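Data block below; observations after.
The values are calculated or read from the model by the stated rules, or taken from the named source; none is laboratory data. Treat the numbers as computed from the prediction; the structure is a model and nothing was measured. Counting neighbours? That spans all protein chains shown, and the Cβs are built from the backbone with ideal geometry, glycine included.
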Amino acid sequence: MFRNNYDNDSVTFSPQGRIFQVEYAQEAVKQGSVVVGIVSKTHAVLAAIKRNAEELSSYQKKVIPIDTHYGVALAGLASDARVLSNFMRQQSLSSRLTYDRPILLSDITSRIADRAQTNTQQYGRRPYGVGLLIAGVDARGPHLFEFQPSGVTQEMVACGIGARSQMARTYLERNLDEFEGSSREELIRHALRSLKESLAQDKELTVDNTSLGISGIGEDFKLYEGQDIAEFLETTFENKEQEPAAGGEGMEVDDS
Amino acid sequence: MNHFPVGWGRPRDDVYGAYNPSYLPQSHGGTQANPITHTQSPIVTGTSVLAIKYKDGVVIAADNLASYGSLARFTDVKRLKQFNRKAVVGFGGDVSDMQYLDRLLNSLDVEENYGGDAPAESGPHMSAKNLHAYLSKVMYKRRSDFNPLWNAMLVAGLDESDKPFLAYADLLGTTYSSPSLATGFGAHLAQPIMRRAVPNEAASRELSKEQAVECIKECMKVLFYRDARSMPVYSIAVIDGKGVDLKEDEKLENQSWAFAEQIRGYGTQTV
Amino acid sequence: MTSIGTGYDLSNSVFSPDGRNFQVEYATKAVENGGTAIGIRCKDGVVLAMEKLVTSRLMKKDANKRIATVDRNIGVVSAGLVPDGRHFVSRARDEASSWRSTYKAPIPVASLANRMGSYVQAFTLYSSVRPFGITAIVGGFDAETEVDVDGAVGSGPKVGSGGKTQGVKEGGPYLYMIEPSGLYWGYYGAATGKGRQAAKAELEKLNLDPKKGDTISLEEGVKEAARIIYVAHEDSKDKEFELEMTWISAVSGPTKGRHEDVPKELKDEAERLAKKALEGDDEMEE
């Protein structure tokens, strides 16, 4: 990659009107493992691939519950996401304390967007290096928002961000018309299948590397990890072999 | 001699050093400013606010008088403020604090209606319950700063699931809720009458709009009979699923002062 | 562009020897890449319209609004960097709100444009910030009827000392456009963004200048705005777009003095006519 004169900070426009530092921050999102989100008329679901640093280490946190009615999934710098998710928790609590109502997803999304924008217009800061999918149910129904380091946010029907997420998006676009009427289980299956599309050929979704967050009308946001998602994986990929039946712990060696 | 410790019997200054008065007010040799004081009493005031829940909504009323002490100073003051089509606030107490709160609510309504992606048919996001939560926080904050807004308020309307909602908030930050509520004098004079109509929540779910309005009008009349800071022109609002029906120039009907004959112990009577 | 790379374009707030501020010019480039935004000041109101380019099929339709409300009676639409547009709107709302708390009345559109011009200009003064990558169109309707002072008690005297002047009419529709430099002008018809040249050419054909006779009505304005956005989109025909339109009338008009979405039926009708007008043009060319 070549350096140019205009990419030192986020307060310099290039002659084409671009801000390179912001564009580079978007690249950090593409380094993160893939996350997807889908909404139906009744539910919103997030699904994520978790990486582990090494065989004996724990897996990343990819889906973060924020309030009882929504959560976020992240791709990119996890520590930036922690800053943003803490902020979102504070804002959500303050809505409940001041008005006794859960914060609207459009509201919380624009609040983090405004914070992110500030980082792209003032010297001495850097843009956030993380992309978020914000999903849940509020007074106006189920929603899914995408947040980018530039401060751009968009309400989506379905979305995938992170490494190799183009494949997941292709799956989502192909099945776009089905989402609205999908049941809770169908929506989860779509999310897992699109996630699988973005996986390298020799990789599988397992109870260790997959996270799932679901909320619905009258149903709080719930995070599924570990054995809790075994059943979802089984019903989604019926013909695929799951983990070894006995003595599974630590015996399976990653082929990487 | 006064109550300040400088004047108390003390060990000798030449042995133990002088008393350090720095924490005292300047008037007593100290460095502190005088204590800051805020509002100690209301100035121009409105009297009672009444409200009663019925099966589809809430009826709320207050008269149009603003008194300056015992002087009936302003006779066209509207003390019911519509927030949106789900909520009305009725103010008792200091009128300038009411004006401040009205401006506060107006700004809040402007913010609430920036809209963004809200579909037009989704209705207001701020229910009467949310508004009451907000107002009670404002009142509690101000009383904790020892700078209260001198009001007692009723918030009437619908909650987020469009059920009738009625609650009270006042200058102390106190809140409570009941099928019928009254502030000020009304709490003593009108509430017992309203409780006959709605002794409990179940009864309010049976009450019709006509019965509720009739009950409130009767109570306004009783208040005018017995509350010397009241007047016979009042505002009344009905909040239900269809929105707010606010009338601001109603007059008491069918007054009968016959009961006055029975009153003894005032004026020039000798028996 | 000449003199690129001579070193005078690397920092904001620096003049080149020929007196230019390059960073501001580059910010203008960001505006020119954004979807087209227009505003029309009609006889009885203002219309704002935006060509919203659809970047992904996965986006929720008719969500992601780009025209924002400030106070109750003012709308803002901007072309360029979307997050900068949100920053602009957020500041405009703060200005309107602080005006309200000072003067107990809504901010006049001209005053808002003035304050926002100053705010945007401040971002060209320091090397620690960059200019706004947007050009914003601010449209609104100042009340013609007497506005109650917020929270006033009673109605006050009708005549005499402290009374009201009868029959005075002020206010009306206003439209301003604020550029990245902080420069702003009042307009009858304003256009910015990628398709601004085509849009301006169309705007100039309309009767918008009251000095030259009767100007178009608000409803005609809505239809023209839709058509102009469709015309401006012709150059990037391969890309899909959504039309977003809002309007503001007097208190006596269809929006009751508020800034609102153009109702669906009217917008659909305007889009139908816009498409028809374009087809007509194509046929004539063939």
Residue C:33 being facing chain A (nearest Cβ under 8 Å), modelled with pLDDT under 95 and touching a helix residue (DSSP H, G or I) at 6+ places or on another chain (Cβ under 8 Å): no
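Take residue B:139 and tell me if it is part of a loop (DSSP other than H, G, I, E, B), more than 13 Å from chain C (Cβ to nearest Cβ), aliphatic (A, V, I, L, M) and surrounded by 21 or more Cβ atoms within 10 Å (Cβ to Cβ). Give the derivation first.
Values: part of a loop (DSSP other than H, G, I, E, B): no; more than 13 Å from chain C (Cβ to nearest Cβ): yes; aliphatic (A, V, I, L, M): yes; surrounded by 21 or more Cβ atoms within 10 Å (Cβ to Cβ): yes.
When the stated conditions are applied, residue B:139 does not pass them.
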Complete set of residues in segment A:77-118 that are out of contact with any Lys or Arg (no Cβ under 9 Å at 6 or more places or on another chain) and small (Gly, Ala, Ser): A:79, A:85, A:92, A:94, A:116
Number of positions in segment B:204-217 that are closer than 13 Å to residue B:61 by Cα and surrounded by fewer than 16 Cβ atoms within 10 Å (Cβ to Cβ): 1
Name the pairs whose Cβ atoms lie under 7 Å apart, with the first residue in segment A:180-203 and touching a residue at least 12 places away in the same chain (Cβ under 8 Å) and surrounded by 15 or more Cβ atoms within 10 Å (Cβ to Cβ), the second of a type in the set (Lys, Arg) and assigned to a loop (DSSP other than H, G, I, E, B), and 6 or more positions between them or separate chains? A:198/A:164
With (1) under 25 Å from residue C:63 (Cβ atoms); (2) touching a helix residue (DSSP H, G or I) at 6+ places or on another chain (Cβ under 6 Å) as the list, and residue C:254 as the residue in question, which single condition is left unmet? (2)
Across segment B:53-88, what is the total count of residues that are more than 12 Å from every other protein chain (Cβ to nearest Cβ) and within 14 Å of the chain's Cα centre (by Cα)? 6
Among the residues of segment A:1-56, what is the count of those that are surrounded by fewer than 18 Cβ atoms within 10 Å (Cβ to Cβ) and away from chain C (no Cβ under 14 Å)? 12
Does residue A:132 meet the test of being outside any loop (DSSP other than H, G, I, E, B), of a type in the set (A, V, I, L, M, F, W, C) and either modelled with pLDDT under 95 or buried (at least 24 other Cβ atoms within 10 Å of the Cβ) (or both)? yes
So, in segment C:112-145, exactly how many residues are more than 20 Å from residue C:81 (Cβ to Cβ), touching a helix residue (DSSP H, G or I) at 6+ places or on another chain (Cβ under 9 Å) and among the charged types (D, E, K, R)? 2
Does residue C:76 satisfy the criteria of being within 13 Å of chain A (Cβ to nearest Cβ), farther than 20 Å from residue C:266 by Cα, crowded, with 20+ Cβ neighbours inside 10 Å and in contact (Cβ under 8 Å) with a residue 60 or more places away in the chain? no
Within segment C:218-231, can one find any residue that is under 22 Å from residue C:73 (Cβ atoms) and either more than 17 Å from the chain's Cα centre (by Cα) or surrounded by fewer than 19 Cβ atoms within 10 Å (Cβ to Cβ) (or both)? yes
Right, residue B:250: acidic (Asp, Glu) and part of a helix (DSSP H, G or I) or not? no
Only residues that are at pLDDT below 80 and not basic (Lys, Arg): list them for segment B:1-23, please. B:1, B:2, B:3, B:4, B:5, B:6, B:7, B:8, B:9, B:11
Filter segment C:77-115 for residues that are more than 25 Å from residue C:196 (Cα to Cα) and outside any helix (DSSP H, G or I); which is farthest from the chain's Cα centre (by Cα)? C:104
Output yes when any residue across segment C:105-115 is within 14 Å of chain A (Cβ to nearest Cβ), touching a residue at least 12 places away in the same chain (Cβ under 8 Å) and surrounded by fewer than 17 Cβ atoms within 10 Å (Cβ to Cβ), and no when none is. no
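In this structure, does residue C:235 turn out to be over 30 Å from residue A:16 (Cβ atoms), in contact with a Lys or Arg (Cβ under 9 Å, 6 or more places away or on another chain) and surrounded by fewer than 21 Cβ atoms within 10 Å (Cβ to Cβ)?
Taking the combined requirement at face value, the residue does not satisfy it.
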Selected residue (only one of B:238, B:233, B:213 is in contact (Cβ under 8 Å) with a residue 60 or more places away in the chain, within 29 Å of residue B:137 (Cα to Cα) and touching a strand residue (DSSP E or B) at 6+ places or on another chain (Cβ under 6 Å)): B:238
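Looking at segment C:74-99 only, could you name the residues that are among the polar types (S, T, N, Q) and more than 18 Å from residue A:121 (Cβ to Cβ)?
C:97, C:98
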Only one of A:111, A:125, A:101 that is within 13 Å of chain C (Cβ to nearest Cβ), charged (D, E, K, R) and either under 30 Å from residue B:113 (Cα atoms) or crowded, with 22+ Cβ neighbours inside 10 Å (or both): A:111
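Of the residues that make up segment B:48-66, is at least one outside any loop (DSSP other than H, G, I, E, B) and without any contact (Cβ under 8 Å) to a residue 12 or more places away in the chain? Give the derivation first.
Taking segment B:48-66 as the starting set, the residues that turn out to be outside any loop (DSSP other than H, G, I, E, B) are B:49-53, B:58-63, B:66.
Checking which are without any contact (Cβ under 8 Å) to a residue 12 or more places away in the chain leaves us with none.
No; the residues of segment B:48-66 include none that is outside any loop (DSSP other than H, G, I, E, B) and without any contact (Cβ under 8 Å) to a residue 12 or more places away in the chain.
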All conditions in (1) of a type outside the set (Ser, Thr, Tyr); (2) at pLDDT 95 or above; (3) over 24 Å from residue A:163 (Cα atoms) are true of residue A:248 except (2)
Residues of segment C:32-49 being crowded, with 21+ Cβ neighbours inside 10 Å and within 30 Å of residue A:167 (Cα to Cα), which ones? C:34, C:35
Which of the residues belonging to segment C:241-252 are surrounded by fewer than 21 Cβ atoms within 10 Å (Cβ to Cβ) and modelled with pLDDT of 95 or more? C:241, C:242, C:243
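Residues are listed down the side, and each one gets a yes or a no for (1) in contact with a helix residue (DSSP H, G or I) (Cβ under 7 Å, 6 or more places away or on another chain); (2) surrounded by 23 or more Cβ atoms within 10 Å (Cβ to Cβ):
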{"residue": "B:44", "(1), (2)": "yes, no"}
{"residue": "B:50", "(1), (2)": "yes, yes"}
{"residue": "B:74", "(1), (2)": "no, no"}
{"residue": "B:94", "(1), (2)": "no, yes"}
{"residue": "B:99", "(1), (2)": "no, no"}
{"residue": "B:106", "(1), (2)": "no, no"}
{"residue": "B:115", "(1), (2)": "no, no"}
Being surrounded by fewer than 24 Cβ atoms within 10 Å (Cβ to Cβ) and assigned to a strand (DSSP E or B) narrows it down to one of C:65, C:52, C:61, C:29, so name that one. C:52
Can you work out which of the residues in segment B:167-203 that are over 20 Å from residue B:222 (Cβ atoms), in contact with a helix residue (DSSP H, G or I) (Cβ under 9 Å, 6 or more places away or on another chain) and polar (S, T, N, Q) is surrounded by the most Cβ atoms within 10 Å (Cβ to Cβ)? B:175
